[in-house]
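Q: Structure incoming, see below.
The values are calculated or read from the model by the stated rules, or taken from the named source; none is laboratory data. From a predicted model like this one, the values you see are computed outputs, not experimental measurements. Here the Cβ positions follow ideal geometry from the backbone for every residue, glycine too, while neighbour counts run over all protein chains shown. Calculation scope for accessible area: heavy atoms of the full protein, side chains included, ligands and nucleic acids excluded. Shrake-Rupley method; radii C 1.70, N 1.55, O 1.52, S 1.80 Å.
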Amino acid sequence: MNISRRAFVLSSLSMPIWLSAGRASAQVDCTLPSAGTPTQLVPKEDTLLARPTAFSLSTAAFARSLSQFSAAIDVVRKRSDDDVTGWGKQVAQHCINCTFNNPNNIHYNWYFLGWHRALLYLLERNLRQIGPDSIRLPYWDWESSTSRTLPSIYADPNSSLYYANRQTSGPSWPLSDEDVDVQPFFAIGSFDDFGGTATRADPTPVTFSGPHANVHNAFAPGDMSDLMYSPRDPIFYAHHANIDRLWASWAAAGNPKPEFGDASVNFFDENKQWRYIKLDDLRDETKLGYRYDSLMKLKAPVSGFARFHFDPAGAHLFNLAALAQLPVKKPGPRPDFLLVRNIDLSRFSKEDVRFGLFTRAPQQGVLSAGDKTYLGRVSRVQSKEHEHSGPISAALDVTGRVRGALGANRRSLSLFIAPLDATGRTSAAGEPLIAKSLSLVR
Ligand code: C2O
């Protein structure tokens, strides 16, 4: 990874990427200076402090923390474009890793969680060096029903946290329960599904395509809705801190600790040194000097899930693996979750970012919410100058809705997919779902 990443950095020198017309800013810098062989950074912080919610920073008790944080962000944003500790290069560090077809892609494999954790950690170190050392990044707890609009500290036009090119009203606002449902993630028992594997899209991490993508897309057509430009908006870091918190929460719930071997990520640190950090050294956030005092949790009282594996059987059919038998569901509050690995999106237009899964093929123009055959939504994030047609995986709460997909023998599931517009209406008729495999968890 180190070698190919270096090669890409070098080959991308002086390769500015121009934005499409009509955007607020004309150009995104997608280059980093050449910096020699990276040295290892082993995170070992001695002060452990809680990252605050973005909401708490708007309260009187945190007035001082807010002014320290926004003053430090202001320093970084005002640094020159070629300073590797400045905002422009912060964006470039993401951009060079973001294209789907380059080997350094960090959205469709196990780099997704660790790479973004490192990006936030390095920004935090940068801010802590500007001062004071107690600065910790805020997180936007959008899963909470009271945090479904842009946190107010980001909305003040006089603050360094403000960014003009963002949409915070319209059909996506406020965020809905469905947009930010983290419950299905707690039914996933393997890191391969939760956070991906070394190989791109085998499978794509489900953490990419749920709330992560829905929150990015809510800002369309602002910069947050495009992977390549999104780190320009300060809200990006509060959003990703909550994705980071989802990982911390999943790990704290007793899920398996991934083994990343020698895999590592590269960054410029706060002293402008080119560093590498092993993904294994990013698994425990407390080594990075922060924790989350509140964690996300599974709400339903569940004692051990049963998992049923389904493989593609042609057209829209998925068959239960040999010998497995789907039990008749007992009454009670126990949820059903559906995990769908590597949904093929290559048939759809690049502009489609939301897709509904259905138990029957819907007509065009059907409102997904309230439709009896609708199972849930899976989303991707655009990156206009980069190819992002890759398959995506989904984890959905299908409680009470999966029956319509089950064949008479209860050994097959029948599923369809249709692109959705921003209001949740199908923008084309449904087609058979093509995916690598399914797990029904109940
Ligand atoms: Cu690198 Cu939310 O994206």
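Q: Output the residue which, of all residues in the range 149-173 that are closer than 14 Å to Ser67 by Cα and without any contact (Cβ under 8 Å) to a residue 12 or more places away in the chain, is surrounded by the fewest Cβ atoms within 10 Å (Cβ to Cβ).
A: Within the range 149-173, the match that is surrounded by the fewest Cβ atoms within 10 Å (Cβ to Cβ) is Asn158.
Q: Related question: Could you tell me whether Asn109 is part of a loop (DSSP other than H, G, I, E, B), more than 22 Å from Ser34 (Cα to Cα) and under 17 Å from the mean Cα position of the chain (by Cα)?
A: Judged against the criteria, Asn109 is a match.
Q: OK, next. Scanning the range 351-374 for residues that are outside any loop (DSSP other than H, G, I, E, B) and open to solvent by less than 40 Å² (accessible area, probe 1.4 Å), which turns out farthest from Asp177 (Cα to Cα)? Outline the logic, then answer.
A: Kept after step one, since they are outside any loop (DSSP other than H, G, I, E, B), are these residues of the range 351-374: 354-358, 367, 374.
Filter once more, so that each one left must be open to solvent by less than 40 Å² (accessible area, probe 1.4 Å): 354-358, 374.
Working: Arg354: 16, Phe355: 17, Gly356: 15, Leu357: 17, Phe358: 19, Tyr374: 15 Å.
Per the stated criteria, the residue is Phe358.
Rundown of residues vs (1) β-branched (Val, Ile, Thr); (2) in contact with an Asp or Glu (Cβ under 6 Å, 6 or more places away or on another chain), yes/no style:
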| site | (1), (2) |
| --- | --- |
| Ile135 | yes, no |
| Tyr139 | no, no |
| Trp142 | no, no |
| Asn158 | no, no |
| Pro184 | no, yes |
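Q: Quick one: count up the residues across the range 125-148 that are among the β-branched types (Val, Ile, Thr) and surrounded by 16 or more Cβ atoms within 10 Å (Cβ to Cβ).
A: 2
Q: So which residues in the range 205-262 are touching a strand residue (DSSP E or B) at 6+ places or on another chain (Cβ under 8 Å), of a type outside the set (Gly, Ala, Ser), over 26 Å from Phe355 (Cβ atoms) and within 13 Å of the ligand (Cβ to nearest atom)?
A: Across the range 205-262, the qualifying residue is only Arg232.
Q: Scan the range 413-424 residue by residue and report those that are buried (at least 18 other Cβ atoms within 10 Å of the Cβ) and either more than 22 Å from the chain's Cα centre (by Cα) or charged (D, E, K, R) (or both). Explain how you work it out, then say what you get.
A: The first filter runs over the range 413-424 and keeps only residues buried (at least 18 other Cβ atoms within 10 Å of the Cβ), leaving 413-420, 424.
Of everything in the range 413-424, those that are buried (at least 18 other Cβ atoms within 10 Å of the Cβ) and either more than 22 Å from the chain's Cα centre (by Cα) or charged (D, E, K, R) (or both) turn out to be Leu413, Ser414, Leu415, Phe416.
Q: Restricting to strands (runs of 3 or more DSSP E) lying wholly in the range 244-327: which have 3 or more residues that are within 22 Å of Leu127 (Cβ to Cβ)?
A: Working: elements: 264-268, 274-278, 290-292, 307-312, 317-320.
Strands (runs of 3 or more DSSP E) meeting the threshold: 264-268, 274-278, 290-292.
Q: Also: I'd like to know if the range 188-196 contains one or more residues that are of a type in the set (Phe, Trp, Tyr) and within 30 Å of Ala155 (Cα to Cα).
A: We begin by selecting, within the range 188-196, every residue of a type in the set (Phe, Trp, Tyr); these are 191, 194.
Subset that is within 30 Å of Ala155 (Cα to Cα): none.
No, because not a single residue in the range 188-196 is of a type in the set (Phe, Trp, Tyr) and within 30 Å of Ala155 (Cα to Cα).
Q: Residue pairs, Cβ under 6 Å, 6 or more apart or interchain, first in the range 201-222 and on the phi < 0 side of the Ramachandran plot and assigned to a loop (DSSP other than H, G, I, E, B), second near the ligand (Cβ under 10 Å from one of its atoms) and open to solvent by less than 10 Å² (accessible area, probe 1.4 Å). List them.
A: Pairs found: Pro205/Phe112.
Q: Looking only at the range 105-121, decide whether some residue is more than 16 Å from the ligand (Cβ to nearest atom) and not aliphatic (A, V, I, L, M). Can you show your working first?
A: As a first pass, look at the range 105-121 and keep what is more than 16 Å from the ligand (Cβ to nearest atom): none.
Looking through the range 105-121, none of the residues is more than 16 Å from the ligand (Cβ to nearest atom) and not aliphatic (A, V, I, L, M).
Q: Name the single residue that is farthest from Gly424 (Cα to Cα) among those in the range 360-386 being modelled with pLDDT of 95 or more and of a type in the set (Val, Ile, Thr).
A: Top of the filtered list is Thr373.
Q: Out of Phe208, Phe219, Phe260, Phe194, which single residue is within 23 Å of Trp87 (Cα to Cα), modelled with pLDDT of 95 or more and open to solvent by less than 10 Å² (accessible area, probe 1.4 Å)?
A: Numbers: Phe208 fails: within 23 Å of Trp87 (Cα to Cα); Phe260 fails: within 23 Å of Trp87 (Cα to Cα); Phe194 fails: within 23 Å of Trp87 (Cα to Cα).
From the options Phe208, Phe219, Phe260, Phe194, the qualifying one is Phe219.
Q: Any residue at all in the range 64-83 that's open to solvent by less than 10 Å² (accessible area, probe 1.4 Å) and outside any helix (DSSP H, G or I)?
A: The answer is no; no qualifying residue exists.
Q: Could you please find all residues in the range 375-405 being away from the ligand (no atom under 14 Å from the Cβ), open to solvent by less than 10 Å² (accessible area, probe 1.4 Å) and closer than 17 Å to Glu178 by Cα?
A: Once the filter is applied, which keeps residues that are away from the ligand (no atom under 14 Å from the Cβ), open to solvent by less than 10 Å² (accessible area, probe 1.4 Å) and closer than 17 Å to Glu178 by Cα, the range 375-405 yields Leu375, Gly376, Val378, Ser393, Ala394, Val398, Val402.
Q: Do the conditions hold for Tyr121, that is, is it of a type in the set (Ser, Thr, Tyr) and either over 30 Å from Asp193 (Cα atoms) or at pLDDT 95 or above (or both)? Break it down into steps so the answer makes sense when it comes.
A: Values: of a type in the set (Ser, Thr, Tyr): yes; either over 30 Å from Asp193 (Cα atoms) or at pLDDT 95 or above (or both): yes.
In short, yes.
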